[in-house]
Amino acid sequence: MVKSNVYITSILLILLMAIAMALLSTSSHGLSIAGLSLGQGQIYGVLRCNISGDPNAPPVSGAPVYLKCDGSNTTIADAVTKPDGTFRVLLSAGQTVLISPSSCYLLANLPGGNCSIYVPDGALTATFTLLRIIQTNAKNIAVFTAGPFVDKIF
């Protein structure tokens, strides 16, 4: 009886390890666009001190920018704006699995001091779209561009 329990336990352990390996290898491949498996993602944008997306408004420096999806409070990735208002959110292959431009957005909290506009909840949001895919020998990189930040689209 003991031998049969050890045998069954060994088989179950091998099956669980095989399932775990399959799940890990699937998620490490990331998002696939146009048949290309992506190894990394980048979202570029500029945060400006305006609630309607005016491209001539002054830039916002030192503001945190968060990537969020499906109305969740969970942050997928983040960045901080530079003095010229630009930012770059970097995504690993595992993070690219979690994103979709149709259900994800960028959220920026406006710091006090260098931007004196009133936003009811203190945050602006922006969508992003695929700009291009850079193919390299090591990995394919999806480059996204952020639209203008406005007062709450989501």
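No lab work stands behind these numbers, since they all come straight from the coordinates. Predicted model, so just to flag it, every value in this text is computed and none were measured. Note that each Cβ is placed from the backbone with ideal geometry, even for glycine, and that neighbours are counted across all protein chains shown.
Key figures
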{"item": "Student exercise, region 31-146 dipole from Lys, Arg, Asp, Glu Cβ charges, in Debye to nearest 20", "result": "300"}
{"item": "Long-range amide H partners of Lys152 with built H, under 5 Å", "result": "Thr125"}
{"item": "Neighbour-count ranking [beta-carbon atoms within 10 angstrom, fewest first] of Val60, Val119", "result": "Val119, Val60"}
{"item": "Theoretical gain in end-to-end length, Ile117 to Ser102 [0.36 nm per residue, Cα-Cα removed]", "result": "2.6 nm"}
{"item": "20 Å tail of the calculated P(r), region 31-146, as % of Cα pairs", "result": "41"}
